[in-house]
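Asker: To start, I am sharing the structure in question, which I have written as structure tokens.
No value in this document is a laboratory result; all are computed from the given coordinates. Please read all numbers here as calculations on a predicted model, not as lab measurements. For neighbour counting, all protein chains shown are included, and Cβ atoms are generated from backbone atoms with ideal geometry for every residue, glycine included.
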Amino acid sequence: MNKYRFFEDKFGEATPQTLASLLEAEDFSSVYAYADNINRSVHGDIVDIRAIIEFSNHCRRRCAYCGLNSINTKVRRYRMSPEEIVETALLARDAGYKTVVLQSGEDLYYTKEIIADIITSIKARSDIKITLSCGERSLEELSLWKSRGADRYLLKHETCDPSLYAGLHSCGTLVERLSCLRTIKDLDYETGSGFMIGLPNQTSQIIARDILLLKDLGCDMAGIGPFIPHPETALKGAEPGSTELTKRSVALTRLLLPHANLPATTSLGVLDSNEKRSIFDCGANVIMRKVTPSNYVRLYEIYPGDIKVLDVYAERRELEHMLVSLGKIPR
Ligand code: 5AD
């Protein structure tokens, strides 16, 4: 008898209730095994490594959990020039990366044309894939960037619960966020969303609905990471999210979205550096590495963490060794 039959039946019609009860189950080991099995059958042992360039820490938003919120006056703000961004992307390509993620706070200094020209310059000089992650932007902007060759767009929905969302985001609504995500999908970007685990007042039912929302949006990528309190935010006194609950959520997402790219999020590694290893046995198949120039990297503090400054080549080699030691094939 197929030992995964129970799950196959369950996931045919997964509901918030079935997912929430699994998230709370005493023993989750058979779900991990099933998620690992699905991951290996679709992605083999390959782990894709992405380079991330955090090109600006200016942000017009005031998200209650994020250290880059616009009312944090303690952070020294920076912007990389378009030339610096392009050069850093080419350095990442030379070091072996096949994808570069261009991430920033929601910073309208970078206009439609500036970002479009950055994409054009990178694509003219390399065949590296470009993922954009620069917040909610207009249809006009998103469609120009797609036409210039941007491949993917990341915009996490953060939480699917309308009242939780409203309490955390004094700028912007959940409806606007989801509408932007649907526009990104309609423009044919490989679309990434995601959410945090352990936000104050979040329940297993809400997480279950977050997971189902990823499926509903048709996500090609999903980043799920534990919330980490930042001292310069409204949530500075809150408890950090659970790493176990994060891994369970990744595993369930793998079952619902077998083909999606699921990163081992950096925040999981911040809470427990061993988690980043075991997350690859729970369904994750991607990892990101910062290639942000060393003079800026410590200023991009979304949540507190220990940021090492290593040479881009050395860092990539170290990560490849770590993945090989786990029986994975870095790509
Ligand atoms: N803890 C964990 N993750 C966070 N993010 C922002 N602030 C925090 C925090 N305090 C995540 C959000 C955002 C991504 C860039 O980082 O999900 O989309």
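Asker: Just to compare against my own numbers: the Cα pair-distance distribution for the chain, 10 Å bins, whole % per bin, please.
Answerer: 6, 26, 37, 25, 6, 1, 0
Asker: About the Cα centre of the chain, how large is the charge dipole given +1 on each Lys and Arg Cβ and -1 on each Asp and Glu Cβ? Please answer in debye to the nearest 20.
Answerer: Values: 42 positive and 44 negative charges, 83 e Å.
It comes to approximately 400 debye.
Asker: Give me the net charge of Phe195's neighbourhood, meaning all other residues with Cβ under 9 Å from the Cβ of Phe195; Lys, Arg count +1, Asp, Glu -1.
Answerer: Details: positive: Lys156; negative: Glu158, Asp210.
So the environment of Phe195 carries a net charge of -1.
Asker: Any idea how far apart Leu139 and Gln205 come out in nm if each label point goes 7 Å out from Cα toward Cβ?
Answerer: 3.5 nm
Asker: Calculate how steeply helix 312-325 sits against the longest principal axis of the alpha-carbon atoms of the chain, using the helix alpha-carbon long axis, and give the answer as 0 to 90 degrees to the nearest 10.
Answerer: It works out to around 10 degrees.
Asker: Please give, to one decimal in nm, the separation of the simple spin-label points placed at Lys74 and Asp188, each 7 Å out from Cα toward the Cβ.
Answerer: 4.7 nm
Asker: In degrees, nearest 10, range 0 to 90: what is the angle between the Cα axis of helix 29-43 and the longest Cα principal axis of the chain?
Answerer: Between helix and principal axis, roughly 50 degrees.
Asker: Which listed residue (Tyr32, Ser267, Leu245) has the Cα farthest towards the positive end of the charge dipole for the chain, taking +1 on Lys and Arg C-beta and -1 on Asp and Glu C-beta about the Cα centre?
Answerer: Of the candidates, Ser267 comes out farthest on the positive side.
Asker: Hey, what angle do you get for helix 204-216 against the long axis of the chain, alpha-carbon based, 0 to 90 degrees rounded to 10?
Answerer: Around 70 degrees separate the two axes.
Asker: Also, I was wondering about something else. Tell me, in nm to one decimal, what length is gained between Ser21 and Ser170 on full extension, where the rule is 0.36 nm per residue of separation less the Cα-Cα distance? All intermediate terms of the calculation are to be shown ahead of the outcome.
Answerer: Numbers: separation 149, 0.36 × 149 = 53.64 nm, distance 3.18 nm.
Extra length from Ser21 to Ser170 when fully extended: 50.5 nm.
Asker: Shifting gears a bit: Under 20 Å from the Cα of Lys215, which lysines turn up, not counting those fewer than eight places away in the same chain?
Answerer: Answer for Lys215, where 20 Å is the Cα cut-off: Lys10, Lys156, Lys185, Lys247, listed by chain and number.
Asker: Before anything else, pin down the relative contact order of the chain: Cα pairs under 8 Å, at least 6 apart, normalised by residue count, whole percent. It would help to have the intermediate numbers written out before the result.
Answerer: Values: 582 pairs, mean separation 83.2, N = 331.
Reported relative contact order: 25 percent.
Asker: Is the C-alpha gyration tensor of region 108-226 telling us rounded, prolate or oblate? Criteria: a/c under 1.5 is rounded; beyond that, a/b larger than b/c is prolate, otherwise oblate. List each step's numbers first, then the result.
Answerer: On the way: a/c = 2.42, a/b = 1.93, b/c = 1.25.
Prolate.
Asker: Once you sort the root eigenvalues of the Cα gyration tensor of region 200-282 as a ≥ b ≥ c, which label holds: rounded (a/c under 1.5), prolate (a/b larger than b/c) or oblate (the other case)? Could you put the intermediate results ahead of the total?
Answerer: On the way: a/c = 2.09, a/b = 1.37, b/c = 1.52.
Oblate, since a/c reaches 1.5 and b/c is not below a/b.
Asker: To the nearest Å, what is the center-to-center distance of region 83-138 and region 226-281, using C-alpha atoms only?
Answerer: Centre-to-centre (Cα) distance: 26 Å.
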